[in-house]
Amino acid sequence: MKALILSGGKGTRLRPLTHTGAKQLVPVVNKPILWYGIEQIVAAGITDIGIVISPETGDEIRAVTGTGERFNCKITYIPQNSPDGLAHAVKIAHPFLGNSPFLMYLGDNLIQDSLTQFVKDFHQQQLAAMILLKQVPNPTAFGVAELDEQGGVIRLVEKPKNPPSNFALVGVYLFSPIVHQIIATLQPSARGELEITDAIQALADNGKTVTAQQLQGWWLDTGKKDDLLEANQMILDATLSSEVLGDVDDTTKISGRVRIGQGTKIINCTIRGPVVIGENCHLENCFIGSYSSIANGVKLIDVEMDHSVVLEDAVIQQLQQRIVDSLIGRRAKLIHSPKRPKASRFMIGDDCQIELV
């Protein structure tokens, strides 16, 4: 069995971060979102993985993620020149997939469940397709599946006004190679894309066995700031263990689970976990509250922070108020200026959001 990870798209909901980088490489607990999916796929026993990339961010994804050696797998990169739909991504990946069954995974998703049992069930039941679902409180915002009493798929509806169920498609699918025959006959949808939901519907309509299974754990689409912060919190809760590899002075107070990377210096700070701090950081006279992730090379002086994510090489100094529920990009600078008259001075890029209270 092979796997196909979709890692294209422009990441408009995470701008301005994604003006300069791939949304799938935005870190959660200091690890790119994309890597969580790769690790789950490998843990399920699939080691031949294709990653569909876009012209805008493909080189960066390739450079950061590599050939797969770090994950004990083989990665093949598949360029998709324009975002023409999920089924189009499968179509252009056909030379890589060949006649193998495959698992398809949207690269900006995070799920708690292991994929191992789903893969095993797919093989044992000899299915044409399996889709993974999660019950959601707002099904009108998602693609939704209507199921029969045995869990078979009757129909799929995209963002329905009157949902037939509250089972949302989570962006993980398993297919037999027969799906390629269906995709070859698809016509573009009203939005001009080849839709994977149309391919699944056609399989069901043609009498092929298409089933659904529900996720028991959490599922997060990390496309928005608040979703990413929630993912950061959940993964810190689920996975973080204490480890101090940096230099922490005697006046610093650490409580809870805190991981501090090599080369980092912590001076006169209070840190309340769960918190992860990367390598080669400098923190001085700071309060770092729970559910914060600080990436490599960050400099924080006289800063109070809670429930926030700070990306690589950012600098924050001597702010007069606490930072909460924030996502701060790579190489960003937030610095208090003592100049008079007292005023706020900004240089703000496209699509930024700033709340002053």
inquiry  = With +1 on the Cβ of every Lys and Arg and -1 on the Cβ of every Asp and Glu, and nothing else charged, how large is the dipole of the chain about its Cα centre, in debye rounded to the nearest 20?
reply    = 680 debye
task = Of the listed values (i) -0.60, -0.65, -0.84, -0.94; (ii) -0.29, -0.39, -0.61, -0.74; (iii) -0.35, -0.45, -0.67, -0.79, grab the one calculated as log10 I(q)/I(0) by the Debye sum over Cα atoms at q = 0.07, 0.08, 0.10, 0.11 Å⁻¹ from the structure here.
result = (iii)
Projected label distance in nm at GLN124 and LYS74, using a 7 Å step from Cα toward the beta-carbon = 2.9 nm
Helical mean residue ellipticity (222 nm; -39500 (n - 2.57) per DSSP H run of 4+; nearest 500) of the chain = -5500 deg cm²/dmol
query = According to the square roots a ≥ b ≥ c of the eigenvalues of the Cα gyration tensor, what is the shape class of the range 77-175, taking rounded for a/c under 1.5, prolate for a/b larger than b/c otherwise, and oblate for the remainder?
reply = oblate
request  = Work through the residues other than ILE49 whose Cβ is under 10 Å from its Cβ and net out their charges, Lys, Arg +1 and Asp, Glu -1.
outcome  = +1
remark   = Relative to the chain, whose Cα atoms define the longest principal axis, helix 225-239 and its Cα axis are tilted in degrees, nearest 10, by 90 degrees
remark   = Taking 0.36 nm per residue of separation between GLU56 and THR251 and subtracting their Cα-Cα distance, the length gained on full extension comes to 65.6 nm
task = List, in order, the whole-Hz ³J(HN,Hα) value for each residue of the range 193-200 obtained from phi through the Karplus relation with A = 6.51, B = -1.76, C = 1.60 and θ = phi - 60°; use x for Gly and Pro.
result = 10, 8, 8, 5, 5, 5, 5, 5
ask   = Under the Karplus relation 6.51 cos²θ - 1.76 cosθ + 1.60, θ = phi - 60°, what is the ordered set of whole-Hz ³J(HN,Hα) values for the range 147-152, x standing for Gly and Pro?
value = 10, 8, 5, 8, x, x
task = For the chain, build the charge dipole from Cβ charges (+1 Lys, Arg; -1 Asp, Glu) around the Cα centre, then report which of PRO101, GLY85, TYR173 sits farthest towards its positive end.
result = GLY85
task = Express the relative contact order of the range 132-174 as a whole percentage, based on alpha carbon pairs under 8 Å and six or more residues apart in sequence.
result = 51 percent
note = Other residues with Cβ under 13 Å from the Cβ of ASP249 give, with Lys and Arg +1 and Asp and Glu -1, a net charge of -1
query = Given a 1.4 Å probe and every protein chain left where it sits, what share in percent of the accessible area of the range 86-147 is carbon and sulfur?
reply = 50 percent
ask   = In percent, what relative contact order does the range 35-174 have, based on Cα pairs under 8 Å that are 6 or more apart in sequence?
value = 22 percent
inquiry  = Is there a quick way to get the dipole size of the range 169-306? I mean about its Cα centre, with the Cβ of Lys and Arg at +1 and of Asp and Glu at -1; what is the value in debye to the nearest 20?
reply    = 220 debye
Listed residues ALA204, SER7, ALA128: farthest to the positive end of the dipole of the chain (Cβ charges) = SER7
query = Nearest 10 degrees, 0 to 90: what angle lies between the long axis of helix 116-125 and the longest principal axis of the chain (Cα atoms)?
reply = 0 degrees
message = Placing +1 on the Cβ of each Lys and Arg and -1 on the Cβ of each Asp and Glu in the range 24-121, which of VAL26, ALA63, SER114 has its Cα farthest towards the positive end of the resulting dipole?
response = SER114
ask   = Considering only the other residues whose Cβ falls under 10 Å of the Cβ of GLY217, what net charge follows from Lys and Arg at +1 and Asp and Glu at -1?
value = 0
remark   = Here the relative contact order (percent) of the chain, from C-alpha pairs under 8 Å and at least 6 apart, is 13 percent
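The values are calculated or read from the model by the stated rules, or taken from the named source; none is laboratory data. All figures in this text were calculated on a predicted structure; none of them were measured in a lab. Here the Cβ is made from the backbone with ideal geometry for all residues, glycine too, and neighbour counts use every protein chain on show. Heads up: the accessible areas ignore ligands, DNA and RNA and are worked out on the full protein's heavy atoms, side chains in. Shrake-Rupley method; radii C 1.70, N 1.55, O 1.52, S 1.80 Å.
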